[in-house]
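Report on the structure given below.
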Amino acid sequence: KYGCRGGVEFGFMSTSMSKEQAMVYMDADEGMPTLFEVRTGQVDRGARLNWVSQFPREEEVLLPPLCNLEVEGDARYEMTPMGMVMVWPLRLNVNLKGLTVEELQERRKTLHVAMFDNLISEIQLDFHVVDCAESYKEAVLNQCREVLHKHKERPSQEYNEDSTYKDALEEALNIKSLAPRKMAIICQRRAFDCDEKDFRRILHAPLADIGQDGKYYKLLSGFSDFPWEAIFERAAATRVVDIPASMNPHQISLALECVCKNLESVEIVKYGTAVMRDLRHLKFGESNAIELCNLGATFGTDGAKFAASLLAARSSITSLRLSGSTLGRPGGSLLAPAIRMAASLTLLDLSNTSAIFGPLGASELFVAMKATTNLNSLSLSNNHLGLLGVRALAEAIRKSSHALVSLDLSNCSIGSKAEEVLCSALATMHKLQAIKLVGNVVMHKGCLKLAKTLAGIHSLTSINGLRLAQGATSWYDVRLARLPVADVFLVEALVQLNTQLTSLNGLAPPAGGGVWDVASQLDGWWANVSVVVPFLKTQLAHFPAGKLQVKLANRVVLSSNAAELLAAISEEGRVRAKKAAQEKYKTEQLTTAHMLGAARQGHAEGVMLLKAAGLETAAEEWRACLHFAAEEGQQEVAKAIMAVGGEELVRITDGESKTCLHMAASKGHTKFAAAVLAVGGAALAKMQDKDGWTCLHLAAYSGYLDFAEAVLAVGGTDLVKIQSKDGWTCLHLALQREHKELSELFILVGGEELVKIQDKDGKTCLHYAAYRGRKDVVEAVMEGGATELVKIQDKDGK
């Protein structure tokens, strides 16, 4: 086979120079004895062992392993004293590549050292593209060579131990990643112009330290007073991690990155007064995103500083989510500089972050947004945006170069006046695909304007979560049962966007045209009825009143312009509504007492049902209903009353000249205030009772911070300067009652002009602060009013 004869002996082969001696080992009983006659040469030969053998006369020659024995010619037969013997002539080829014992012992070490040396060459090649001083590169390379030298100094026998060899191999491979890592630290710290002593410490740090996460972050930050190593060791002491306020943004970002890598062992993170407990929604470091969500009221102003530091430290951040983390009053102002510099930011989620907006940060925040050219998604839901906030936002939208694709303004206290400003901005958003405006008090006229504005945005595919079907070009199927009360304007928008609906709540269109038969759909719709009425009114505009026949079920709900709708429906409808109300209240005699009771108990559907039943209610009785609702904080009732009784009700006062907003202020009902302020606007906020108190005076007296912020967001900054008959501003009252946070808010809004206002006794707010012995408040007052404030005297010369 293969044109040759022979084979390879894998092991050592013992031969002899004496044919007689070789024949001794033959066994004639096993068949024809065979003798191999091996021809050697100058190179291909074995080792003679007679000089060390116990049997030198045997003349033994030992051939090494892996010798090739090739047959030369044919076998011959010889007659010997032992009988006939077959002799095969063979040619020897010795394996000259076999290693000696010493070489075998050195083999692993030799391969390892060669590989390590090659890795250092690769590191050196990679350093050519690093923009750093050559001396720093050489310092790191020398550290690599020192490790290589230690490996060379190890005895060869150690490399023949599998565990030792594995450790050496891992150390060499780690050097390949640790050296560039250290080079990055050196370049970064030099760029930050760090202290020379600190830089030398980094330069001479062992490469092994770079491989330990805790020590690596410590070196990278240059900040020693933080438990870097303990966090990665998951020590019990690090369950509560306190990030020092003395850290710079870069160090803060590294500290949070450490925490995020060890969330299993960290329970609480603190930064100044900010306390982060629920860390499930904490994300930072692994991607270009910051998520500090659902951290609640304990996040606060320092939390805003914390978020701003993270944003400032990472220019590559594309997503900032702070949903559910209250940032405090100056939150917008603190975030603004960082957002202005975040050129890569595409998503900004500030939903449920409380009082950032209105007069305390909205302008600065939205002005900063003009610079974020890549921003395409903005969520501001559940914040007191108000008229001033909407104006600032609208200005930012009109003048910015970014193209928003998604905008969420749900529950942002956008009232009738604010929606006009918003519409002007929405008209410029030609790339908008999704918008949410749920939960804003927009009355019927505003609904129609919003609808027309949205109809002009041809890229729009989602309104309040209701999406345009895939592949469709019009809003062809409206399912009203899925829409909340606040979506009054939505149906108007859908009608504007599509002139021929093909389905209403799954019902087919009426035969031969005409209007939709909604009789079977009204029953049980108390959560959605406000949507039905605007739709029916739209139909009134398309069809003569004589041809419009709306069949009413057991319940009827009316919106604004109730007389117009009542004129269009049948007498049978009013009869059925009255019957439904009588059954509900178990009486045939319906009185305004039932209306007042429904208002106090928060039954918005009861208020509307009684009105639909034809119950005559005077303006004073409507006022009483609204004030009852204000005392109990029933904002949904307020919306119903304003819908059927008219928006002017919010400005009707009682015997003490108090409006419904005064009533809400005394109990701190912020959501109610947002509902009526959206209708009454700044004029309502500035109304005074018989003592000259505004709703802000009442909030200041009782210490309702959220209420005050909501009112200021609509009423404007001049509201804090209004004086009562005693000459008191809201700041005087806040200081008298020792409400520190409210006092700071009013000082921030009113500034020097406010703190210098004197009451009828000549006292400024500094008099009250000093009288209460509040050093911290005195300092805050001094900051707002300059040093000359201390020279102002009251009527007693104090």
Round to the nearest 10 and report in Å² the accessible area of Arg5, as given by a 1.4 Å probe over the protein chains' heavy atoms. 110
Listed pairs Lys686/Lys756; Lys137/Lys370; Lys667/Lys795; Lys452/Lys721 exceeding 32 Å between Cα atoms: Lys137/Lys370; Lys667/Lys795; Lys452/Lys721
Quick check: convex hull over the Cα atoms of segment 110-186, volume per residue in Å³, rounded to an integer? 71
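Assign one of three labels to segment 14-134, namely rounded, prolate or oblate, based on the Cα gyration tensor with a ≥ b ≥ c the square roots of its eigenvalues; rounded applies when a/c is under 1.5, prolate when it is not and a/b is larger than b/c, and oblate otherwise. Numbers along the way, then the final one.
Details: a/c = 4.92, a/b = 3.19, b/c = 1.54.
In terms of gyration-tensor shape, prolate.
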In square angstrom, rounded to the nearest 10, how much accessible surface does Arg76 have for a 1.4 Å probe? 80
Give me, ordered by chain and number, the residues 5 or more places off Val275 or on other chains with an amide H under 5 Å from its own placed amide H. Phe299
Between Glu752 and Asp726, take the C-beta separation as r, use R0 = 22 Å, and let me know the FRET efficiency to the nearest 0.05. 0.50
Would you kindly derive the ³J(HN,Hα) couplings of segment 36-43 from the backbone phi angles with the Karplus curve 6.51 cos²θ - 1.76 cosθ + 1.60 (θ = phi - 60°), listing them in order in whole Hz, with x for Gly and Pro? 8, 10, 9, 9, 9, x, 5, 9
Return the distance in nm (one decimal) between the two label points of a simple spin-label model at Lys152 and Ala47, each offset 7 Å from Cα along Cα→Cβ. 3.1
Just grab the label-to-label distance for Ala403 and Ser315, each label 7 Å out from Cα along the Cβ direction, in nm (one decimal). 2.6
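Give, in nm to one decimal, the length gained when the segment between Asp29 and Gln793 is fully stretched (0.36 nm per residue of separation minus the Cα-Cα distance). Display every interim value, and only then the final one.
Values: separation 764, 0.36 × 764 = 275.04 nm, distance 13.72 nm.
That works out to 261.3 nm of additional length.
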Centre separation in Å (Cα based) which lies between segment 279-342 and segment 46-67: 84
Using modelled amide H (1.01 Å from N, peptide plane; none on Pro or chain starts), what sits under 5 Å from the amide H of Met247, excluding residues fewer than 5 places away? none
Return a whole-number percent for the relative contact order of segment 1-108, with Cα pairs under 8 Å and 6 or more residues apart as the contact set. 33
Measuring from label point to label point, each 7 Å out along Cα→Cβ, what is the Ala75 to Ser18 span in nm? 2.6
Using amide H atoms built in the peptide plane, which far-off residues or other-chain residues are under 5 Å from Gly6 H to H? Val71
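The values are calculated or read from the model by the stated rules, or taken from the named source; none is laboratory data. Worth saying up front: this structure is predicted, and the values here are computed from it rather than measured. Glycine gets a Cβ as well: all are built from the backbone with ideal geometry, and neighbour counts include every protein chain shown. When the accessible area is computed, the model is the full protein with side chains, heavy atoms only, and any ligands, DNA or RNA have been set aside. Shrake-Rupley method; radii C 1.70, N 1.55, O 1.52, S 1.80 Å.
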